[in-house]
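The values are calculated or read from the model by the stated rules, or taken from the named source; none is laboratory data. This one's a predicted model, so the numbers in the text were calculated from it and none came from an experiment. Every residue, glycine as well, gets a Cβ built from its backbone with ideal geometry; the counts of neighbours run over all protein chains shown.
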Amino acid sequence: MSRWSLRLWIAFLILPAAAVMVVFVVVPIVTALAYSLYAWHGSARAGFVGLDNFRVVLTEQPYAGWTLRAFWHNVIVFVSLMLAQNGTAFFIAYGLLKTLPGHRFHQVAVFLPVILSTVIIGALWKLLLNPIFGLVNNGLTAIGLGSLAQPWLGQESTALGSLIFVNAWHWVGFPALLFLAGMQRIPKEVLEAARLDGAGDGVLMRRIIWPLVAPAATIAVLLMFIGSFNWFELPYVMTGLDGSPGGATDVLGLYFYRTAFGGVTSGLQDFGRGSALAVLMFLFIIAVSILFTRMLRRREIEV
Amino acid sequence: MDSLRTVKRAVGAIAGLTMLAGPALAGDLTFWTWRQEDRAQYAQLFADFNRTNPGINIRFEAYEPQNYQTIVSTALAAGRGPDVIHVRAYGGLEQFARAGYLMPLDNQTVPELANFTAEALASETLRSDNRVYAVPFASQTLGVFYNRDIFQRLNLQPPQTWEQFIAACRAIKAANLVPVANGTATAWMTEVLTSVFTGSFLGPQFAADVVAGRATFEDPRYVAALGKMLELRECLPNGFTGVDYPTSQQLFLSGRAAMFAGGSFEISNFRRQNANLPMEFIAPPAPAAGQPGLVSLFFDGGYAINARTGNRDDALKLVRFMATPEFGNRLTALLGNISPIRGVQVQDPMLARVAQLNQNSWPYIMAVYFRYDSPTGSELLQGAVQRMMAGNATPQQVGTEITQGIARYYQPFQRRGG
């Protein structure tokens with residue numbers, strides 16, 4: 001095969017994927033950037049306004065307050081899910097690795113919710129958490145813990161926490177699988193040698209397993225970060241586009257959607273401010289992702 | 001921006017392909033709406049139209065309500081879209097009319113505009129040029145539904161004053177039932193609830209003062225009315241902050257709740273779900289005996305003509321027909337919505353009562369006046385009242401938050417240092 005036909009062949013193989021990438025990823029990003037520089041009357045473009053849309057969403061009230069509130073909620077979601085979802089997943093993976101009795105069942109059970117759609121999970125948990133008809137409150141009352149029954153999704157103090165819990169319940173199987181795969185890649189000799197040297201479970205986990213599943217952790221953290229900052233479906237299904245109650249579950253995804261495409265009551269659209277939010281989200285996610293990747297890669301060790 | 005133009009063209013092409021294959025031929029009209037559930041009724045309405053206007057084929061196409069504005073504006077931006085469009089009112093209309101997508105209507109082209117009240121026409125008028133862009137199609141009334149059986153069983157009269165209302169709530173609660181089914185978990189229903197129970201305390205005068213720039217939402221009248229909302233809390237279900245719209249509906253429909261604050265648009269829906277429900281519709285409680293209880297009134301939308309229609313004459317014929325009392329009568333009877341056309345006879349007894357209650361009303365204030373610009377009065381009110389009802393904000397704070405948000409584009413509120 002000549003060099004030219006090889007190049008042609010490579011181009012032929014890459015082109016379809018590249019075309020899809022350009023049409024569905026590059027163009028929308030560039031378009032959003034362009035949109036964010038214009039004033040909009042709903043979905044009709046008006047004059048060029050430079051960075052004014054960015055100024056409005058970042059400094060002008062009430063938008064700046066809403067942007068900050070939504071951003072802060074995304075941060076809380078990320079940090080809490082790191083602990084509740086990835087943390088739990090790590091221990092579940094370790095439990096599965098030890099092939100305790102019944103591990104086959106648990107392997108399936110843990111992963112089962114992952115294959116259900118977020119809409120189903122959200123609707124299901126919304127019913128379970130319903131203050132009047134819900135199983136959670138009725139169950140608590142039935143076992144004499146009625147004082148703990150509360151409108152979980154209707155209180156600013158518990159709404160976001162409830163969503164985080166449901167998200168962790170839904171997705172914990174995925175990082176667990178990642179970690180388990182990472183743990184299974186650790187050569188048995190290493191673990192056995194450590195055990196012979198008298199390392200207990202705690203030491204083993206801290207000194208051997210945790211460092212050696214670093215590549216899996218990098219992926220889990222990165223996916224968690226991107227997922228947390230693009231969070232939309234679950235709060236949309238469970239507490240609505242407005243981030244009820246009183247904005248307590250408002251996150252950037254919902255806020256962006258409301259701004260660009262209109263909320264439930266008014267349908268007032270502003271593609272300019274919406275695109276500005278989308279661009280800010282994109283820039284933030286890509287910058288932090290690069291940072292995370294650099295930092296986390298550094299602690300990965302090959303065996 | 002070449003990329004912009006390309007994208008617009010692509011969007012237009014996609015919109016064109018998926019929504020409308022080719023331009024309408026003379027004698028053919030396309031009608032778009034978000035009311036998929038009314039397809040059969042519209043078929044009858046269009047058949048009426050064809051009786052006097054034979055040969056004009058009308059194609060009914062419905063899109064999902066949540067994305068209707070986006071779908072229509074995308075199609076219109078691309079120079080496509082239907083000939084006759086079911087448009088929303090107030091700010092929802094302005095989005096399309098301001099962009100020049102709709103054909104202005106006047107007494108020459110649509111003499112039937114004379115059949116409407118000024119308030120009805122105002123809902124379909126563009127504020128900047130004061131021209132009407134659509135023929136209003138229905139008014140909606142917000143008030144209180146109650147369950148006749150429960151009231152009879154407990155020997156209660158439908159409450160007319162706030163005092164009677166609170167007393168009734170306590171009696172209902174003592175009977176282990178929920179007095180008022182509503183919760184605050186669904187943001188837009190929180191606004192409905194607020195308008196229903198504050199309306200009688202505020203009245204049309206307050207709305208007129210706000211519009212004239214004589215009052216803000218920090219006005220003592222508004223703050224005091226919000227205080228009534230706090231008293232209302234004892235009437236709502238346990239855990240009402242987590243009770244959403246469907247849950248409230250189910251509480252009322254199943255007879256577990258005695259009252260439900262909501263709109264006349266629920267009537268046909270409630271009847272469909274429980275034909276035997278002994279429900280009545282009344283005005284919200286008045287501040288004191290001898291004063292009227294005020295329902296909240298707004299207009300729901302209208303019928304507009306695409307400025308770029310290829311079939312202007314037939315589109316005009318249809319829209320003129322949609323402004324006649326004959327059409328209004330049929331629409332009211334078929335859809336259970338009250339047509340705002342003068343001279344319409346409301347046959348259904350419950351709707352007739354609603355129409356009568358409309359005589360004593362105040363405007364659904366945020367929808368009528370403050371959904372044109374961002375931040376809308378509605379989004380400000382909904383979030384703030386949710387927090388107030390949960391005990392995390394005072395009525396004064398709610399009033400300030402709404403006023404400051406609206407002050408961004410509403411000059412009278414700026415002057416007052418809002």
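If I ask for residues that are part of a loop (DSSP other than H, G, I, E, B) and more than 8 Å from chain A (Cβ to nearest Cβ), which ones from the range B:373-392 would you list?
Within the range B:373-392, B:391 is the sole residue that qualifies.
Mind listing whichever residues of the range B:109-153 are touching a strand residue (DSSP E or B) at 6+ places or on another chain (Cβ under 7 Å) and within 15 Å of residue B:98 (Cα to Cα)?
Within the range B:109-153, B:123, B:124, B:125, B:131, B:132, B:133, B:134 meet the criteria.
Considering only residues that are over 17 Å from residue B:74 (Cα atoms) and within 14 Å of chain B (Cβ to nearest Cβ), which ones fall in the range A:267-303? Before the answer, list the steps.
If we filter the range A:267-303 for residues that are over 17 Å from residue B:74 (Cα atoms), which is where we start, we get A:273, A:276-303.
Listed by number, the residues that qualify are A:273, A:276, A:277.
Go over the candidates B:353, B:330 one by one and state the one that is within 21 Å of the chain's Cα centre (by Cα), modelled with pLDDT of 90 or more, outside the structural domain of residue B:272 (by TED's automatic domain parsing) and over 22 Å from residue B:44 (Cβ atoms).
B:353
For the range B:63-79, enumerate the residues that are more than 11 Å from chain A (Cβ to nearest Cβ) and among the aromatic types (Phe, Trp, Tyr).
Residue satisfying the conditions is B:63 alone.
Is it the case, given these coordinates, that residue B:404 is more than 12 Å from every other protein chain (Cβ to nearest Cβ) and either among the basic types (Lys, Arg) or over 22 Å from residue B:235 (Cβ atoms) (or both)?
Considered against the rule, which asks whether it is more than 12 Å from every other protein chain (Cβ to nearest Cβ) and either among the basic types (Lys, Arg) or over 22 Å from residue B:235 (Cβ atoms) (or both), residue B:404 comes out as no.
Please find, within the range B:80-115, the residue that is surrounded by the fewest Cβ atoms within 10 Å (Cβ to Cβ) out of those that are over 22 Å from the mean Cα position of the chain (by Cα) and either within 12 Å of chain A (Cβ to nearest Cβ) or among the hydroxyl-bearing types (Ser, Thr, Tyr) (or both).
Among those residues, the one meeting the criterion is B:100.
Sort out for me the helices (runs of 4 or more DSSP H) sitting completely within the range A:133-214 that have 2 or more residues that are surrounded by 18 or more Cβ atoms within 10 Å (Cβ to Cβ).
A:135-142, A:159-171, A:173-184
For the range A:241-281, how many residues meet the condition of being surrounded by 24 or more Cβ atoms within 10 Å (Cβ to Cβ), of a type in the set (Ser, Thr, Tyr) and under 18 Å from the mean Cα position of the chain (by Cα)?
Of the residues in the range A:241-281, 2 are surrounded by 24 or more Cβ atoms within 10 Å (Cβ to Cβ), of a type in the set (Ser, Thr, Tyr) and under 18 Å from the mean Cα position of the chain (by Cα).
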